[in-house]
Every structure is written in structure tokens, then in C-alpha cells.
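The values are calculated or read from the model by the stated rules, or taken from the named source; none is laboratory data. Please read these numbers as outputs of a predicted model, since none were measured by experiment. Reconstructed Cβ throughout: ideal geometry from the backbone, glycine too, with neighbour counts over all protein chains shown.
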Amino acid sequence: MSRTYSAEGIVLKRSNIGEADRLVTFLLRYRGKLTAIAKGVRKISSRKAPNLELLNHVKLHLAKGKTFDIVTEAESIEAFKNLKSDLARVSFGFYLAEITNEFLAEGQGGRDGFELFGKVLGLIDQENNLEKIKLFIRAFEVKFLESLGFKPELDKCVRCGRILGPSANFLSPEVGGVVEKSCRGSTLFAQPISRNTLVALRFLQREDWNTIQRLAVSANLNKEIEGVLRFYLEHLLEKEIKSARFVNKVVGRQLKS
Ligand SMILES: [Zn+2]
């Protein structure tokens, strides 16, 4: 097997290591998540460094290493400049990178994950409407869950299989979807889900990006969808999504000013 290879990926995470090096986690188009070492990138003279910023889409050359593969070259394909020019949009990007990184183990993700992640970054880069951007993120969450094999059941009661009525439903990550009130029981970890939120989630699950781009939702509904998905994602991850707080702080501040 060759000691070197090329790959295309998006930077999900970076952390400092040693004097001047950095560990960089990528979501690669064909190989899934990969953490590699970029040597000397914290030196001012580094030519690779500007291309290895968080959320950059890059073309890479790598060499096989013992613990980590080594980034020998990094060339920018897309830097998502609009996204990075605005703190609110950057915070959304960080949030997406965090959930993608947290859900994937090394080697996981692959082509579906890469395309989904690249698509949503491109849409956020080109969109100015805050509610639309939020909806793109929710669509990403729904589609990402599906790509991971965690597609929530939203049409039938998970427990009895009956088609769900319009009201008195609960979303439960524990059983992988929605249950009716009568099937919920007393111990199931679940959260009420309104009719409109359920309809919106089904829409995001079924429709493609072109259709989703045309949908307009109210700020209130957007907030509700965000709440149920956060509940679902954090339960699956078994931890808090840290950058969600940063998003709320930055976006909240922007709305007030
Ligand atoms: Zn039922």
C-alpha cells in the first residue's frame, strides 16, 4: 500500500499539539472522519495554515503515520467567505461542525455525510435570512440523523403502529420517534410535540434541499423545531451540544442590536 494519498475534506475540529503542530479533524469525502497531524502550522511562515481553518473545504495530501496520518499539503477549494464574515453565521458553522464531529467515530461519515455537510455550509454562506438559515440547520439535523441510521419515526406511533393523530403526541429518542399519549406509559423519556412541529419535521425529512429552500416558517415554529431536535440530539449524544449556547448568545445579541 502506498505511503501517501490525496483526499478532499472539510475541517471539523482543530487542537494544538506540541510546540507548533496541530491535530486537525476532517470529514473526508470518501474516507469519513479522519484526524491527522499538521506539522508546523502554528508558525507564522506556514503556508498550509490559512487553508486549514475550521470549516474550510480543502484538497489534501497525506502521508500514513503511526498514530496519526500527516498532512503534507493543503489547498483551499472553498473557504465559505460569507459565512465567516459574520459572527452569527460562523456560530452556526461551529455548531454544525460540533454535532458532525460528536456523532461520527473515526472512519465514519463517508460520502453522504460529506455531501450533507458541504451542502448546508454552502447554503448558509449564500443566505441572509436568519430564519431560513435556522431551518437549513434543522434540515441538516434531520437528514444527518437519517444518514447515521437514527431516522426518527414521525408517521406512526412507534409503540402500536397506528397512524398518528394530530395532537397529544410525544417525541422520544428512547424509542426512536413519536408515540401517542395513550402509548406513552409513565416511564418513557419523551417530550410533547405539537402538530405543526411534527408536520415541519416530516417535511424536512422528506423533501430535498430545493424544496426546503422555498419554505418560510415563523420564528416561533422555528424555535419549537429547534427545541425538539436539540432534545433528541443531546439524548442520543448523551451530552450537551456546547456551541448551541454560543449560537444563542451571538444570534440573540444580533437581534437586539
Ligand atoms: Zn400507539
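Could you list all residues from segment 95-119 that are at positive phi and surrounded by fewer than 19 Cβ atoms within 10 Å (Cβ to Cβ)?
Answer for segment 95-119, where residues must be at positive phi and surrounded by fewer than 19 Cβ atoms within 10 Å (Cβ to Cβ): Gly107, Gly110.
Looking at segment 154-176, which of the residues that are within 11 Å of the ligand (Cβ to nearest atom) and outside any loop (DSSP other than H, G, I, E, B) is farthest from Glu98 (Cα to Cα)?
Among those that are within 11 Å of the ligand (Cβ to nearest atom) and outside any loop (DSSP other than H, G, I, E, B), it is Ile163.
Would you check if Arg138 is of a type outside the set (A, V, I, L, M, F, W, C), touching an Asp or Glu at 6+ places or on another chain (Cβ under 8 Å) and either modelled with pLDDT under 95 or within 15 Å of the ligand (Cβ to nearest atom) (or both)?
no
Yes or no, residue by residue, for (1) assigned by TED's automatic domain parsing to the domain that holds Ile212; (2) touching a residue at least 60 places away in the same chain (Cβ under 8 Å); (3) in contact with a strand residue (DSSP E or B) (Cβ under 9 Å, 6 or more places away or on another chain):
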| site | (1), (2), (3) |
| --- | --- |
| Ser91 | yes, yes, no |
| Gln108 | yes, yes, yes |
| Asp112 | yes, no, no |
| Leu130 | yes, yes, no |
| Lys134 | yes, yes, no |
| Glu153 | yes, no, yes |
| Arg159 | yes, no, yes |
| Arg162 | yes, no, yes |
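Being hydroxyl-bearing (Ser, Thr, Tyr), assigned to a helix (DSSP H, G or I) and without any contact (Cβ under 8 Å) to a residue 60 or more places away in the chain, is that true of even one residue in segment 219-233?
Within segment 219-233 (the criterion being hydroxyl-bearing (Ser, Thr, Tyr), assigned to a helix (DSSP H, G or I) and without any contact (Cβ under 8 Å) to a residue 60 or more places away in the chain), the answer is no, since none of the residues qualifies.
Only one of (1) out of contact with any Asp or Glu (no Cβ under 7 Å at 6 or more places or on another chain); (2) modelled with pLDDT of 95 or more is not met by Gly185, so which one is it?
(2)
Residue check, Thr35 against (1) of a type in the set (Val, Ile, Thr); (2) within 27 Å of Arg89 (Cα to Cα); (3) surrounded by 19 or more Cβ atoms within 10 Å (Cβ to Cβ), all met but one. Which one?
(3)
Tell me, please, whether a residue that is free of Cβ contacts under 8 Å to residues at least 40 places away in the same chain, crowded, with 18+ Cβ neighbours inside 10 Å and in a strand (DSSP E or B) can be found in segment 41-63.
no
With respect to the numbered conditions (1) buried (at least 21 other Cβ atoms within 10 Å of the Cβ); (2) part of a helix (DSSP H, G or I); (3) small (Gly, Ala, Ser), which one is the sole condition not fulfilled by Ala74?
That leaves (2) as the condition not met.
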